[in-house]
Structure formats: C-alpha cells, structure tokens
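Q: Would you mind keeping the following structure in view while I ask a few things?
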C-alpha cells in the first residue's frame, strides 16, 4: 500500500478518541470533499478547489509517490476506523528544532466533541517523544474560536498575530519543556495526559 508520508513506524498512533495513521490513496475521496467545501476551506484559510475529481486524483497520486522530507502528514481516524480529518507537521527545521502544526476535522458531526484536541495531543506526543523537535508553532484564524480553544487546551500559548493575504491569524506555540510540564501535571491528576502510543494490529 502506498503512503502519502510516514512516521518512523507505519503503525498508527493511538490517542483516547482518535488514532493517527499514514495517508493512503483511499483517503482521496473524502479529502476532495473537504477541499471543495466552502465552510471547511474558509476555516482552513484557503479557497475551495475548482478542479475535477479526476484531476485531483492525478495530483494526489503524484504527492503520494513523492513525500516531502519537510512534512509528515497523517489521517485522523476514530477508534472504529472512520476517516474524519487530517493533521500534519511541516516546515520541519531539524537544525533549529522546530516545525509548524496543522489540523482539520472534516466530518462536521465530530466538531466540538474533543476529537481535534485528542488528535493534537497525540501528535504532540509523537513529535516530542520521537522526532527531536523542541518547538511547535501554528497559526489559526482569529475568528476560529473553536480551534483556539482546542489549541489552548493542548498547551499552546498565543505569541502574536499576523495578517496573511487578507486573513488575520493568531500565532501560537508550545515548547518541549512546556509540554513536559503539562504532562507531569496531567499525570498527577490522571486527566488529559499528553501522549501518543504506537499500536499494532
């Protein structure tokens, strides 16, 4: 099975509500639906695709066959195996130990129910435990209150604002030390522990 990108192991990463796995060609149909949806693309500060699904598949296969070393791209599944979104860390700068994070929950019925928070925590657990990166940044629309609450819950702190192509973004970041601090506090109370664990099926 061809994959869009990969982590150090092809085994999925399990959270409490989600698991992250490598992208596969079968994800294309839902990815196309999400990338042509006006509301979802607005929340992602992008514009809906205006190409046919056939054209999209051709581009998808090219990306699938040539993964970038500067990006790690995962599908987000429920624990029952339903593909509900995607997450990535990109602009990887190993010399400076930093990267940017992005996430999108495309299935509306899973909005506001903690799936995004669980996926971000699982991703951070993988990044800080296995990649050597020390700082993760992200940007989200100032108007996207739901996303901001998710990132704050995961330990990100606001570090500025920036206007990009007419969109006003809130900039946020979390360091490895801050993540370890939160992990220690969460372990003491046994709730919302930042983590990821590899599962094999």
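The values are calculated or read from the model by the stated rules, or taken from the named source; none is laboratory data. Nothing here was measured: the structure is a model prediction, and the numbers come from that model. Neighbour counts run over all protein chains shown; Cβ positions are idealised from the backbone, glycine included.
Q: If only one of 166, 160 is on the phi > 0 side of the Ramachandran plot and modelled with pLDDT of 95 or more, which one is it?
A: Being on the phi > 0 side of the Ramachandran plot and modelled with pLDDT of 95 or more holds for just one of 166, 160, which is 160.
Q: Restricting attention to the stretch 114-129, does a residue exist that is outside any helix (DSSP H, G or I), more than 12 Å from the chain's Cα centre (by Cα) and surrounded by fewer than 23 Cβ atoms within 10 Å (Cβ to Cβ)?
A: Taking every residue of the stretch 114-129 in turn, at least one turns out to be outside any helix (DSSP H, G or I), more than 12 Å from the chain's Cα centre (by Cα) and surrounded by fewer than 23 Cβ atoms within 10 Å (Cβ to Cβ).
Q: Let me ask something else about it. Please tell me if residue 133 is under 24 Å from residue 32 (Cα atoms), surrounded by 15 or more Cβ atoms within 10 Å (Cβ to Cβ) and modelled with pLDDT of 95 or more.
A: Against the criterion (under 24 Å from residue 32 (Cα atoms), surrounded by 15 or more Cβ atoms within 10 Å (Cβ to Cβ) and modelled with pLDDT of 95 or more), residue 133 does not qualify.
Q: Failed condition for residue 177, given (1) touching a strand residue (DSSP E or B) at 6+ places or on another chain (Cβ under 7 Å); (2) modelled with pLDDT of 95 or more; (3) over 28 Å from residue 41 (Cα atoms), with all others met?
A: (1)
Q: Can you name every residue in the stretch 132-187 that is in contact (Cβ under 8 Å) with a residue 40 or more places away in the chain, assigned to a loop (DSSP other than H, G, I, E, B) and closer than 20 Å to residue 98 by Cβ?
A: Answer for the stretch 132-187, where residues must be in contact (Cβ under 8 Å) with a residue 40 or more places away in the chain, assigned to a loop (DSSP other than H, G, I, E, B) and closer than 20 Å to residue 98 by Cβ: 133, 134, 154.
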